[in-house]
Amino acid sequence: MKKAKFSEIGLYLSALLDNYCLLGYNNNMDIPTGATVLKKEEQMNTKTITENRQARHEYFILESYEAGIELFGTEVKSIRAGGVNLKDSWISVENGEMFIRGMHIAPYEKGNIFNRDPYRIRRLLMHKKEIMKLYGQVKQGGYTLIPISMYFKDSRVKVQVGLCKGKQLHDKRESAAKRAAEREIDRAIKERNKG
């Protein structure tokens, strides 16, 4: 592999940073603009249960919202044990209410007759205005609602709902190329700092 000169790396870095800023990233905080940012006190009280990594690969996440979820006791115990999967789940809006579908919560081992269907439809809890706003964007803009992550906030289970737009194949290739370029830059910087 041919070694790059420092000036080439500098030009490459500046081009990558320009693209990074054009994608809607804030220069000061390194987070996408429009994303919800938890305060430090809130971050200390949250514990991530699971993340939907496939959603970040398949969709552009434009906005994210926090929603409560209606669960039974054995489901919460199973979630605490780590028996939840968001991989193939999605969110629908019906009659002014939001429902999460396709989410798998494993039956609780000691739950016997109190266990529910692992794939049952569960209601999400949000303000009516927020639900109607999201419903309008889904119907008019061609967006979709996907659960991004699930976490405990204090003792309550919360779901991070993402307003998403599907990625085309060329978008996936582009994001993979950007990740590879960032890794290459990091490697070049580490090599330069070593020697």
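Since every read-out is calculated from the coordinates, none of them should be taken as a lab result. What you see is a predicted model; the values in this text were computed from it and never measured. Every residue, glycine among them, receives a Cβ derived from its backbone with ideal geometry; neighbour counts consider all protein chains shown.
In Å and whole numbers, how far do the C-alpha atoms of segment 34-168 stretch along each principal axis, longest first?
45, 35, 31
Fully extended, how many nm does the chain gain between ARG101 and LYS194 (0.36 nm per residue separation, minus their Cα-Cα distance)?
Net length gain for the segment: 28.4 nm.
Work out how much length LYS139 to GLU174 would gain on full extension: take 0.36 nm times their residue separation and subtract the Cα-Cα distance, in nm to one decimal.
Extending this stretch completely gives an extra 9.8 nm.
For THR50, which sequence-distant residues (separation of 5 or more, or a different chain) have an amide H within less than 5 Å of its own amide H, given hydrogens modelled in the peptide plane?
Residues meeting the amide H criterion: MET150.
So what's the projected area for segment 104-195, the Cα convex hull averaged over all directions, in nm²?
Numbers: hull surface 46.7 nm².
Projected area, direction-averaged: 11.7 nm².
Which net charge results for the neighbourhood of THR74, defined as the other residues with beta-carbon distances under 9 angstrom from its beta-carbon, given Lys and Arg at +1 and Asp and Glu at -1?
Here the count lands on +2.
For the pairs LYS87/LYS129; LYS87/LYS128; LYS47/LYS190; LYS139/LYS167; LYS139/LYS165; LYS47/LYS129, note any where the Cα-Cα span goes beyond 22 Å.
From the list (LYS87/LYS129; LYS87/LYS128; LYS47/LYS190; LYS139/LYS167; LYS139/LYS165; LYS47/LYS129), the Cα-Cα distance tops 22 Å for LYS87/LYS129; LYS87/LYS128; LYS47/LYS190; LYS47/LYS129.
Tell me the label-point distance for the pair LYS167, ARG183, using the 7 Å Cα-to-Cβ offset, in nm and rounded to one decimal.
If labels sit at LYS167 and ARG183, their model points lie 1.4 nm apart.
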